[in-house]
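Each remark here refers to the structure printed beneath this line.
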Amino acid sequence: MPRIGLDLPAVIRAATEIADEQGLEAVTLASLAQKLQIRSPSLYNHVNGLPDLRRQLALSGMAKMSERFASALAGKSGDEAIRAFSYAYLDFARAHPGLYEAVQRAVDQDDNRLQEAAGGVVDMAVNALEVYGLRGDAAIHAVRGLRSFLHGFAHLEKQGGFGMPLDLDVTFNLIVDTFLAGIKVMQSKG
């Protein structure tokens, strides 16, 4: 019998806390059960094992990212939208490092719900780039470039890979400016 007051959202919140504080690999059924002060088998009332728990974390992370992106992009277009998207991405990775890690895992091609959630995040980036007239393959290349620099920066920052005493936000601004300049080159060749 499930513990009163314990439901899937409560389980995911607790797992998110573990992931954000200790890393995604620290999220196990045992660690989650300990945090919730229940026995591990009780978690099966809410998730079908560790793979399903990680899937639920990825879905939760994508939903939170989508909310953050939608809020950041509201009423913006062009360079302003790309800047807002970029800062929302980095802010999410900084605020939720474990949940961010869950989102970065490869999406199971047979999981329609995960595919749809991931597609929604990509669509937001594609829509933000729409004003530059990039369509089809060019839009996908641009989104890949955007995601690559955002993920690379977030990952290196989390790993302590920027050891020099320079302001990281200044560096990030320069990278966003460089990306925008590149998009304009793509647009002129388009």
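The values are calculated or read from the model by the stated rules, or taken from the named source; none is laboratory data. Note that this is a predicted model, so its numbers are computed, not measured. Don't worry about glycine lacking a Cβ; one is built from the backbone with ideal geometry, like all the others, and counts go over all protein chains shown.
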Checklist entry - Quick one: residue 82 ticks every box in (1) touching a residue at least 60 places away in the same chain (Cβ under 8 Å); (2) under 23 Å from residue 19 (Cα atoms); (3) buried (at least 19 other Cβ atoms within 10 Å of the Cβ); (4) not small (Gly, Ala, Ser) bar one, so which box is it? => result (2)
Item to check | Exclusive hit being farther than 26 Å from residue 64 by Cβ, touching a residue at least 40 places away in the same chain (Cβ under 8 Å) and either loosely packed, with under 15 Cβ neighbours inside 10 Å or not polar (S, T, N, Q) (or both), set 184, 189 | outcome: 184
Item to check | Meets criteria (closer than 23 Å to residue 97 by Cβ, of a type outside the set (Phe, Trp, Tyr) and modelled with pLDDT under 90) for residue 119 | outcome: no
Checklist outcome for this item: The condition from (1) outside any loop (DSSP other than H, G, I, E, B); (2) more than 18 Å from residue 154 (Cβ to Cβ); (3) free of Cβ contacts under 8 Å to residues at least 24 places away in the same chain that residue 75 misses is numbered (1)
Checklist outcome for this item: Sole miss for residue 129 among (1) surrounded by 16 or more Cβ atoms within 10 Å (Cβ to Cβ); (2) closer than 26 Å to residue 52 by Cβ is condition (2)
Checklist entry - So which of 143, 176, 131 ends up being in contact with a helix residue (DSSP H, G or I) (Cβ under 6 Å, 6 or more places away or on another chain), under 18 Å from residue 81 (Cα atoms) and free of Cβ contacts under 8 Å to residues at least 24 places away in the same chain? => result 143
Checklist entry - Is the range 165-172 home to any residue that is in contact (Cβ under 8 Å) with a residue 24 or more places away in the chain and in contact with a Leu (Cβ under 9 Å, 6 or more places away or on another chain)? => result yes
Item to check | Of all residues making up the range 157-172, the number that are surrounded by 10 or more Cβ atoms within 10 Å (Cβ to Cβ) and on the phi > 0 side of the Ramachandran plot | outcome: 0
Checklist entry - Taking residue 103, is it of a type outside the set (S, T, N, Q), assigned to a helix (DSSP H, G or I), touching a Leu at 6+ places or on another chain (Cβ under 9 Å) and crowded, with 17+ Cβ neighbours inside 10 Å? => result yes
Checklist outcome for this item: With criteria (1) over 21 Å from residue 121 (Cβ atoms); (2) touching a residue at least 12 places away in the same chain (Cβ under 8 Å); (3) not hydroxyl-bearing (Ser, Thr, Tyr), residue 54 comes up short on (1)
